[in-house]
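The values are calculated or read from the model by the stated rules, or taken from the named source; none is laboratory data. Since the model is a prediction, treat every value here as computed from it, not as a measurement. Here the Cβ is made from the backbone with ideal geometry for all residues, glycine too, and neighbour counts use every protein chain on show.
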Amino acid sequence: MPIQRPTCEGIRVRSPHDAHVIFHGVATRRLPMITRRLDTEERRAITSGCVFVWEERGGPNTEPMGLGIERWTDSIRWGPSRVREEFLFYHEKDDPALEIDVSYDSDVPSPLGSGPTHVLVRENLIKQTYSVFVETSSGRRKWHLIAYFTQNTVDYLGTVDDIPCLAGLQVPPGTYRSARSAKGPGRTRSTDQPYLYGSSAVNSRQTYNVADFISNMSARHMQEILAPLEYLENIPPPRRHPVDEKALMSFVPALS
């Protein structure tokens with residue numbers, strides 16, 4: 001079975017507009033669609049900058065025929081989702097370790113024993129997802145985009161503007177309808193208008209910084225595990241050390 005390559009590599013998805021360009025690149029056969037679930041080797045090859053587009057299976061027995069995937073699997077454990085505009089973001093839960101073989105040039109036995117002589121730990125991945133409904137020759141279909149990146153590499157990844165077959169590609173308005181918007185009232189801001197994240201998202205009212213977003217996620221997580229304020233207010237202050245108490249009282253003789 002031939003190895004499936006990502007739909008795009010080495011890029012970040014800055015906005016729904018970018019996602020629509022990638023979807024349209026798939027629809028016009030400029031880019032490949034993922035037609036089956038990734039195998040073990042393909043999952044191991046996932047790295048920052050990989051983007052995958054796949055179609056949700058619409059009926060029984062369609063995946064073996066290459067007509068959709070029931071659900072996406074990447075063998076990575078993810079934390080709870082966080083919503084940002086039309087995207088969902090997930091943080092990898094475990095610290096991933098990649099074992100690599102390195103020759104041990106020494107007369108002294110390797111301290112690691114007979115196993116790998118070196119372990120390389122990569123940065124945890126962040127998964128970004130976006131889903132749309134699209135009308136095809138076979139009827140209405142649901143397409144998904146999965147993008148992977150890390151906090152430290154996102155600003156160094158390319159964009160759809162760096163892919164020759166996508167640069168300047170015009171997406172017909174309304175072709176790709178956000179699946180999240182379809183669940184409720186429509187948003188006031190058109191998702192065809194780009195907003196950015198990363199270091200370029202500094203001076204625009206319609207931008208956000210993904211590093212700040214990740215930091216805020218961590219801050220919210222810490223808030224979730226703090227004790228209630230009412231409890232903290234009723235806790236008596238800790239008693240000072242007798243030496244400190246005596247030194248403080250020396251400044252206020254009347255209280256001694």
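Data overview
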quantity	calculated
Count - residues of the range 46-62 that are modelled with pLDDT under 95 and in a loop (DSSP other than H, G, I, E, B)	6
Ile69 being among the β-branched types (Val, Ile, Thr), surrounded by 14 or more Cβ atoms within 10 Å (Cβ to Cβ) and touching a residue at least 60 places away in the same chain (Cβ under 8 Å)	no
Members of the range 155-172 found to be assigned to a helix (DSSP H, G or I) and under 16 Å from the mean Cα position of the chain (by Cα), listed by number	Asp155, Tyr156
Matching residues, the range 2-39, being of a type in the set (Val, Ile, Thr), surrounded by fewer than 20 Cβ atoms within 10 Å (Cβ to Cβ) and either modelled with pLDDT of 95 or more or under 22 Å from Val171 (Cβ atoms) (or both)	Thr28
Residue pairs meeting the criteria (Cβ under 6 Å; at least 6 apart or on separate chains; first under 17 Å from Thr47 (Cα atoms), in the range 155-170; second assigned to a loop (DSSP other than H, G, I, E, B) and among the basic types (Lys, Arg))	Leu157/Arg12
